[in-house]
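Worksheet: the structure to be examined is printed underneath.
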Amino acid sequence: MNSKYKITKFTKGKLENIDDLISIEEPLEISLKFKDKEKWITKSLSITMRTPGHDKDLVRGFLFNEQIIQNIKDIESIESFGEKVGQYKIQNKILVTLNNSKNIDISKIKRDFLTNSSCGVCGKSSLDALEILKKDKTPKSNPKLSKDIIINSPSILRQNQSEFSKTGGIHASGLFSSDGKLISLREDVGRHNALDKMIGDSLINNYLKPSNQFIACSGRLNFELVQKVLMTNIGLMIGVGAPTSLAIDLANRFDMTLVGFVKEDSFNIYTNKQKVIVS
C-alpha cells in the first residue's frame, strides 16, 4: 500500500519536482479478548507500526511467534474496528478473540509489548522478554539446498514484491520449497512485520512443511527474525544482508543453517554448512 507525495529530486545536475510513491506506515493496535478463569477480559497487547494490508496475517503470525497461541485454532475470530482514516480508509485497531483453549498462555498475554517498524525486539518492556521461546532443535540435516537455489532466492523474492517495485521502501519475507518454488510472500515497512505476515499466511493456509522448506528475508538477519523462523521449525534461513552476532549464536544453538550476503555469484554460510550443497 502506497501514497503519492510531491518531492524534489536531484538528478543529472539539477533539481526537479516530481510525484513519488511512498510506502504507507500506520500504527496498528492489537487487542485480545480472552477468558481468564471464568471472566472475559479485553486487553490492549501491542502497538506496532506497519504497512496496512494483510493485518490478520500479521496478528496470526505475531501471536504464534510469541507463543501466546500454540495453534491457529486457538483464535476464535479477528475483527478490525475503529475510525477509518486516510485515502484508503484504514482501520488501525484489531481485536482478536481467543477461544477457551488450555494452550493459551495467559502469562504472556499479561506481558507488555511495544514495537516499531524497524525493530520489534527493541520495544519490549525488558530484557526478560528476550527469552528463548523454542525448546527443541530444528532438523540437523534438512532441508538441503543447492547453491543455485540459494543464489536465485533473493531475485525471486524481489521479482514478486509488488510494493518494492513501486516505492523501493519496503521489506519482504518469503516461504520457499527446497526446490526453489515460492509458496508465500508478504511485504511490510518492518522486517519483523513482513515475517509475521508471511508466517500468519502460512499457518492459516497450512503451508508449513519444515523438512523441505526455507525462508528468505530482505535486509539483515537479527535475533528476533531468527527466533520467529525457529518457531516454524524450519532449519534454514537466507538473508540478503548479514546476520548479527546474536542471530548467529541463536541459529547455532538450534542447528539452523544461516546464509547471508547472497550475491549473484557468492554467499556466506554462518552456521551448519552441511545443509548446503555446492558440488
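The values are calculated or read from the model by the stated rules, or taken from the named source; none is laboratory data. Computed from a predicted model, the values in this text were never measured in an experiment. When we count neighbours, we look across all protein chains shown, and the Cβ atoms used for this are built from the backbone with ideal geometry, even at glycine.
A few comments on the model shown:
- Residue check for Thr232: surrounded by 15 or more Cβ atoms within 10 Å (Cβ to Cβ), farther than 20 Å from Ile151 by Cα and touching a Phe, Trp or Tyr at 6+ places or on another chain (Cβ under 7 Å): no
- Residue within the stretch 182-190 that is surrounded by fewer than 18 Cβ atoms within 10 Å (Cβ to Cβ) and outside any loop (DSSP other than H, G, I, E, B) present: yes
For every residue, the table says whether it meets (1) out of contact with any helix residue (DSSP H, G or I) (no Cβ under 8 Å at 6 or more places or on another chain); (2) at pLDDT below 90; (3) polar (S, T, N, Q).
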| position | (1), (2), (3) |
| --- | --- |
| Ser3 | yes, yes, yes |
| Lys6 | yes, no, no |
| Gly13 | yes, no, no |
| Leu32 | no, no, no |
| His54 | no, no, no |
| Ile78 | no, no, no |
| Phe81 | yes, no, no |
| Arg111 | no, yes, no |
| Thr115 | no, yes, yes |
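- Residue list for the stretch 34-53, filter: in contact with a Leu (Cβ under 6 Å, 6 or more places away or on another chain) and farther than 30 Å from Asn2 by Cα: Phe34, Lys43
- Residue within the stretch 150-161 that is of a type in the set (Val, Ile, Thr) and either assigned to a loop (DSSP other than H, G, I, E, B) or free of Cβ contacts under 8 Å to residues at least 24 places away in the same chain (or both) present: no
- Residue ID - nearest to Ser184 (Cα to Cα), chosen from residues in the stretch 46-76 that are surrounded by 21 or more Cβ atoms within 10 Å (Cβ to Cβ) and among the aliphatic types (A, V, I, L, M): Leu58
- Of residues in the stretch 141-179 being β-branched (Val, Ile, Thr) and buried (at least 21 other Cβ atoms within 10 Å of the Cβ), the one modelled with the lowest pLDDT: Ile170
- Qualifying residues in the stretch 15-25 (those that are modelled with pLDDT under 90 and not in a loop (DSSP other than H, G, I, E, B)) - the one farthest from the chain's Cα centre (by Cα): Asp20
- The stretch 26-60 - residue that is closer than 20 Å to Lys84 by Cα and hydrophobic (A, V, I, L, M, F, W, C) and, of those, nearest to the chain's Cα centre (by Cα): Leu58
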